[in-house]
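Right, one structure below, let's go through it.
Derivation of every value follows stated rules applied to the coordinates shown; laboratory data play no part. The model shown is predicted, which means the values in this text are computed figures rather than measured ones. Positions of Cβ are generated from backbone atoms using ideal geometry, with glycine treated the same way; all protein chains shown enter the neighbour counts.
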Amino acid sequence: MTIWVTTNGRPSNGAKALASQEGFKWCVTGKFIKVNDLVVNWGSSQPINAPPAYTLNLPSNVAIATNKLAAFEHMHGGVKTVDWTGVKAQAQKWHDEGFVVVARTKLTGHSGDGIIIVGKQDTVPDAPLYTKYVFKDKEFRVHVVRDKVIDTQRKIKDPEREVKDWKVRSHANGFIFVRGDIDPDPGRDSLAIMATKALGLDFGAVDIIQDKAGVYYVLEINTAPGLEGQTVERYATAFRNI
């Protein structure tokens, strides 16, 4: 059996790194996939030419995960997330009450794309999604494959770069993920697993923040996370076990 990695033509260094592992192959079109092969769909919401029963992360579920509003709707009531709304009037109410509001002008944006931080002196813009900003103490990326946490990383300031924006902690703004100095936490792991289940995903990298009171919140789930080093190997091992 071959384990195929496909992005349906999307560029991804993480997918390429995974496809270079023993027993894995890179597939662009899917035309060489056999019925008993395993297909790892790395972030594509478009149809894949492969037997659905052997595809990890069906495109229809990736489409939900990559749409910020749809993802929150599917997690609503069962997964602890930041407060969110698609109604501008509710966002305005939060703003009037003194909360910092995050406007998401792009539902499928990534790396901070389409994020507007609405401070006290700012006007709430039109947007399809708003969240109430949580002042975080820590931020994690929890990698889940089939109901099991396989790796956990922590986001920190890049010591070699200046921070551009402390509220939007993206790579472009001066933040990186590291693996060391992370205490095990069954509650954090459980939240990450519940989030992937809520979206019908076989695997995903769950971004979770922790406030100063120790409360965890899910921000989003990545279906095509960046991979390197030990994280690549841990995904490969988990997929081989499947």
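Go through Ile33, Ala213, Ser44 and say which Cα lies farthest out towards the positive end of the charge dipole of the chain; charges sit on Cβ, +1 for Lys and Arg, -1 for Asp and Glu.
So the residue we want is Ile33.
Only loop residues by DSSP count here, and only those with at most 12 other Cβ atoms within 10 Å; note down the GluC sites (Glu not before Pro) in segment 18-99 that meet that.
Sites meeting the loop and neighbour criteria: Glu22, Glu97.
Quick check: pseudo-label points 7 Å beyond the Cα along Cα→Cβ at Thr108 and Glu162, how many nm apart are they?
Between Thr108 and Glu162, the simple spin-label model gives 3.6 nm.
Tell me, what does the Kirkwood hydrodynamic radius of segment 1-114 come to in angstroms if you use every pair of distinct C-alpha atoms?
Evaluated on segment 1-114, it is 16.5 Å.
What shape does segment 3-57 take by its C-alpha gyration tensor, where a ≥ b ≥ c are the square roots of the eigenvalues and a/c under 1.5 counts as rounded, a/b above b/c as prolate, and the rest as oblate?
Note, shape of segment 3-57 comes out oblate.
Using a Gaussian network model of the chain with C-alpha springs under 10 Å, which one of Val142, Val218, Val100 is most mobile by mean-square fluctuation?
The residue with the greatest mean-square fluctuation here is Val100.
Please go through the residue pairs Lys93/Lys155; Lys34/Lys68; Lys157/Lys197; Lys120/Lys197; Lys80/Lys138 and name each one whose alpha carbons sit more than 26 Å apart in this structure.
Exceeds cut-off: Lys93/Lys155; Lys34/Lys68; Lys157/Lys197; Lys120/Lys197.
If each DSSP helix of 4+ residues adds -39,500 (n - 2.57) and the sum is divided by the residues in the chain, what number results at 222 nm, nearest 500 deg cm²/dmol?
Helices in the chain give a 222 nm mean residue ellipticity of -6500 deg cm²/dmol.
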